[in-house]
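To start, the structure itself, in structure tokens.
Only the coordinates and a few stated rules stand behind these numbers; no lab work does. Since this is a predicted model, take the numbers as computed values, not measurements. Methodologically, a virtual Cβ is constructed for each residue, glycine included, from the backbone with ideal geometry; neighbour enumeration extends over all protein chains shown.
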Amino acid sequence: MKKIEEVFLYFRNRKDLTLWLRPHPLYEQTLEVMRPQLLQKYRELLASYEEEGWGILDSGYDLDLAIASCDCYYGDYSSVAQLFWETGKPVLYQDSLVREKECKIPCWPGAFWEDEKEVWFVHGKVNLLFHYDKQMDRLSCIGKIPGELAFKGDLFRSVVRVEDRLYLVPYFARNLAIYHIDKDQFESVQIRDAEHFIEQPLFLKGFQRGNVLYCMPAWYNSILCIDLTSGHVTYTMVDKNKVRGIPGVFGGAVSIGRNILCPQTYKKRWLILNTDTGKVSWCSFADPEREITSVTVCGDTLVFFDARTGCILKETREEGKIEELLYIDSNEIQLYAVSENEVIADDLGSGIYLKFCLDGTVVWRKERKEEKTVLGSRFRKVTEGEKNCDIRFTEQEYQEWNSPSAAIYKDILPIDLYYVEEENEVLTLDKWLSLCDRIQMPVPDDRHSGKMIKDYVKSKLANG
């Protein structure tokens, strides 16, 4: 209800815009059954909106007029939205948790590659690639990665550099992106059947082994293998019975020796990729009751978390012996190896994080402070000693990287906006509307009315 009130207030104060409101015909019935305490408030909001008369309340059954008359769509995922974006007009899918606020956007690394001289990173909430020169203390915005949403979070989780090429491994992105540094050009590699994994992450991490880049799956059904000389792409199937993934297919990806390991929690087993042979094998969890949801590697020692018991365990691969290190009263632990003998355990639920050694000794335990920037609670700032280190729970390296992002703020909005976007803490309703003029919105002659739009969609579906 608070989101509805905020949207009404926003449009009430915009004299240059008119809100055309079409409530879902079953919304009141849904509230009555699932949230009856909100029903009266909702009815009062609608009655006030209609009485004040500054917007249009459309409660009719015919969608054609609204689709043909409006310039933009803002609201939930729906069949109306699908019909609407077939016109080529801008669509913004609403997020009820996002609030309008004036705030600068930090240049926050969502996935990165680093050496002693420079850092290449993709922003965590905005589709932009950045370069940071450590020696010159200079940050440069390279630009938007083609073919992906402008404001989608977690587009990429891993960046691998091979000579003058950056391989951006897709998470919520739908394509593998390659940035040619010497040519300042992007190349896009389409992922087979990616369209079937709607709102599902594809890959966790990329590993270079010799002349091959292996992209290990998150919810995807195969390992993506790229020949780094020829560019040839192959797929190693890991789940023949699945076209689409299911939640929690793989809980991490680590490299140890010649093998890459991924725990498959729901099937209680490890996926083991032998990078010498390219062959995949499986190994059941030593204890079939375990729910391994996070894993990291310290030297030759595998450290993993059992969400069912709250126990952190270690296994030295040569000995094959599993030992319990310590217990944490949580089932939301992420592990990050920060040295050959030290691991950080981040409790995403309580906000507590701790550093411990492989003998189970706790070095320190601290309360993690929420990051107060526009990026929200999933992005956190950790203070250790005299310096600020940025850490996100998706990447272990943030604990060690003396990031420049804490001090660098820019108004980083891509110059081009994709015509279908998702609202987030960066792309709010107000910013989206301010960018809509940048979108080319030609409406073809065969889709200039609602009925023709529906006929067009039907024919498109019929013809595949």
*Between rounded, prolate and oblate, where does segment 103-227 land on the alpha carbon gyration tensor, with a ≥ b ≥ c its root eigenvalues, rounded for a/c under 1.5, else prolate if a/b exceeds b/c?*
oblate
*Can you list the residues of segment 327-365 with backbone N under 18 Å from a point 7 Å past the Cα of Ala286, pointing along Cα to Cβ?*
327-328, 358-361
*Which shape class, rounded, prolate or oblate, goes with segment 1-89 when its Cα gyration tensor gives a ≥ b ≥ c as root eigenvalues, a/c under 1.5 marks rounded, and past that a/b bigger than b/c marks prolate?*
oblate
_FRET efficiency for Glu367 and Ile56, using Cβ-Cβ distance with R0 set to 51 Å, rounded to 0.05_ = 0.55
*Please tell me which of these pairs span more than 30 angstrom C-alpha to C-alpha: Lys3/Lys152; Lys134/Lys279; Lys152/Lys183?*
Lys134/Lys279
*Which of rounded, prolate, oblate describes segment 33-179, given a ≥ b ≥ c as roots of the alpha-carbon gyration tensor eigenvalues and a/c under 1.5 marking rounded, otherwise prolate only if a/b is larger than b/c?*
prolate
_Alpha-carbon Rg/Rh ratio, for segment 269-337, with Rh computed the Kirkwood way_ = 0.98
*Selection of trypsin sites (Lys or Arg not before Pro), segment 302-335, meeting DSSP coil and at most 16 other Cβ within 10 Å*: Arg308, Arg317
*May I ask you to evaluate 6.51 cos²θ - 1.76 cosθ + 1.60, the Karplus curve with θ = phi - 60°, for each residue of segment 112-117 and list the ³J(HN,Hα) values in order in whole Hz, giving x for glycine and proline?*
8, 10, 9, 9, 6, 9
*Can you flag which of Lys2/Lys355; Lys125/Lys314; Lys321/Lys355; Lys117/Lys205; Lys41/Lys431 are past 31 Å Cα-Cα?*
Lys2/Lys355; Lys125/Lys314
*If you take the charge dipole of segment 106-235 about its Cα centre, with +1 on Lys and Arg Cβ and -1 on Asp and Glu Cβ, which of Val119, Leu168, Trp219 is farthest toward its positive end?*
Trp219
*asked:* What FRET efficiency comes out for Asn331 versus Ser188 if R0 is 35 angstrom and r is the Cβ-Cβ distance? Round to the nearest 0.05.
replied: 0.40
*What distance in nm separates the simple spin-label points at Thr316 and Glu163, each placed 7 Å from Cα in the Cβ direction?*
4.1
*Given the C-alpha centroids of segment 335-359 and segment 112-133, what is the distance between them in whole angstrom?*
24
*What is the magnitude of the charge dipole of segment 56-167 about its Cα centre, with +1 placed on the Cβ of each Lys and Arg, -1 on the Cβ of each Asp and Glu, and no other charges, expressed in debye to the nearest 20?*
360
*Write out the GluC sites (Glu not before Pro) in segment 110-218 meeting two conditions: DSSP loop, and at most 10 other Cβ atoms within 10 Å of their Cβ.*
Glu116, Glu163, Glu199
